[in-house]
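The values are calculated or read from the model by the stated rules, or taken from the named source; none is laboratory data. The shown structure was predicted, so the numbers you read here are calculated from the model rather than taken from an experiment. Methodologically, a virtual Cβ is constructed for each residue, glycine included, from the backbone with ideal geometry; neighbour enumeration extends over all protein chains shown.
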Amino acid sequence: MGTVALVLCGVAGLSLLLASESLEAGRIFDFTLRFPGSDKIAHLIQYALVFFAVWWLLGKLALRHTTRVVTAALIAFLLGIGDELFQRFVAYRSYEYADMAANACGVLLGLGLAGLLPSRRLARAAITVAVIGAFALAAYSYRTLHHFNSGLLYAREGNLPKALLEYRAALHEGMDAPSFFNELAWIEVESGVGDIGAAVSYAERALAATPHSADVLDTYGWALHHAGRSREALSLLERAYAGKPKMFCIHYHLGEVYAALGDPAKAEFHLREQVRLFPGGSEARRAAVSLQRRGLVLTSAPPVTTATGS
């Protein structure tokens, strides 16, 4: 294998390594959920190491010093862009400009630590800017995400009223993303203590930004149903079902809406499907309660409780 091919294989290997790290997104998400901003420091360290790896690989080629430095920095930065773009297609991960900035700080840190800049003063300046920049990004991330993340943790525990308080605090702090408005609308409805009118408004904002999202269509339809607008809700829920027929709550939602609209046959079908397909979920338990309230008996019903939440 030629030297150039060896270097290209090495860079490709780095790309695969970064991609495999992104595929461990569930564990990474759990950690950053509890410590928002910590991922920016991780990006700083990671891309300093990526720069060193690329610098070492380019040492196999007969490049002038300046060419090698610039090429290593450029490749490391492009790997960071590619890594971020790849995360758009990975569950629990998303493309963030702040992550790209942290990656750039990591490359700058690598340049400074490697002593590859024209003077020690410039190297110290690069290290200082990189570290301060990454910590500033981490602080910003913490300030913007800590209420939202706390809300997610409370929602996981089933404490929806506390989740709602945290989400509202995040809104007050300036949180502004379609996924956030979708979550906030959902919790406003599911908590049992929320503002249904506000839930409809938040779901509308989420849908305006992501008009083809089945999850957002479902949330909007469910909010409309709770606002007494079941006829409007039905078309949205049917679109959500067509786009994502295996959604964990869609049959329960359709069943309740069909029941409200006076179509008992379709209501029974969807409520039974919720119990059959998702027997361990809270929606299945509520579907079982709804069926029993209508005098219908399940052959193998899940434990019946009045618990709410999803």
Take Leu63 and decide whether it is surrounded by 14 or more Cβ atoms within 10 Å (Cβ to Cβ), in contact with a Lys or Arg (Cβ under 6 Å, 6 or more places away or on another chain) and modelled with pLDDT under 95.
no
Whether any residue in the stretch 187-207 is part of a loop (DSSP other than H, G, I, E, B), within 21 Å of Gly158 (Cα to Cα) and out of contact with any Leu (no Cβ under 9 Å at 6 or more places or on another chain) is what I want to check.
yes
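Here is a yes/no grid of residues against (1) surrounded by fewer than 16 Cβ atoms within 10 Å (Cβ to Cβ); (2) among the basic types (Lys, Arg):
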residue: Tyr154; (1), (2): no, no
residue: Asn159; (1), (2): no, no
residue: Leu165; (1), (2): no, no
residue: Arg168; (1), (2): no, yes
residue: Phe180; (1), (2): no, no
residue: Ala185; (1), (2): no, no
residue: Glu188; (1), (2): no, no
residue: Gly192; (1), (2): yes, no
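Going through the stretch 256-282 one residue at a time, which ones are among the small types (Gly, Ala, Ser), under 29 Å from the mean Cα position of the chain (by Cα) and not in a helix (DSSP H, G or I)? Quick ask: steps written out before the conclusion?
Applying the first criterion (among the small types (Gly, Ala, Ser)) to the stretch 256-282 yields 259-260, 262, 265, 267, 280-282.
When the remaining residues are screened for being under 29 Å from the mean Cα position of the chain (by Cα), the result is 280-282.
Listed by number, the residues that qualify are Gly280, Gly281.
Check the stretch 152-160 and report whether any residue there is free of Cβ contacts under 8 Å to residues at least 12 places away in the same chain and assigned to a helix (DSSP H, G or I).
Of all residues in the stretch 152-160, those free of Cβ contacts under 8 Å to residues at least 12 places away in the same chain come to 156-157, 159.
Checking which are assigned to a helix (DSSP H, G or I) leaves us with 156-157.
Checking the stretch 152-160: at least one residue is free of Cβ contacts under 8 Å to residues at least 12 places away in the same chain and assigned to a helix (DSSP H, G or I).
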Residue list for the stretch 244-266, restricted to those being closer than 14 Å to Glu232 by Cα and among the β-branched types (Val, Ile, Thr)
Val257
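Kindly check whether there is at least one residue in the stretch 219-227 that is under 20 Å from the mean Cα position of the chain (by Cα), buried (at least 19 other Cβ atoms within 10 Å of the Cβ), more than 19 Å from Leu152 (Cβ to Cβ) and at pLDDT 95 or above. Step through it out loud before you land on a result.
Kept after step one, since they are under 20 Å from the mean Cα position of the chain (by Cα), are these residues of the stretch 219-227: 219-220.
With the extra rule that they be buried (at least 19 other Cβ atoms within 10 Å of the Cβ), the set shrinks to 219-220.
Now drop any that are not more than 19 Å from Leu152 (Cβ to Cβ), which leaves 220.
Subsequent filtering for residues that are at pLDDT 95 or above retains 220.
Yes: one or more hits.
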Quick one: would you say Arg93 is assigned by TED's automatic domain parsing to the domain that holds His65, under 20 Å from the mean Cα position of the chain (by Cα) and modelled with pLDDT under 95?
yes
Could you please find all residues in the stretch 267-291 being of a type in the set (A, V, I, L, M) and under 22 Å from Glu232 (Cα atoms)?
Ala267, Leu271, Ala287
Subset of the stretch 145-181, residues basic (Lys, Arg) and under 18 Å from the mean Cα position of the chain (by Cα), comes to Arg156
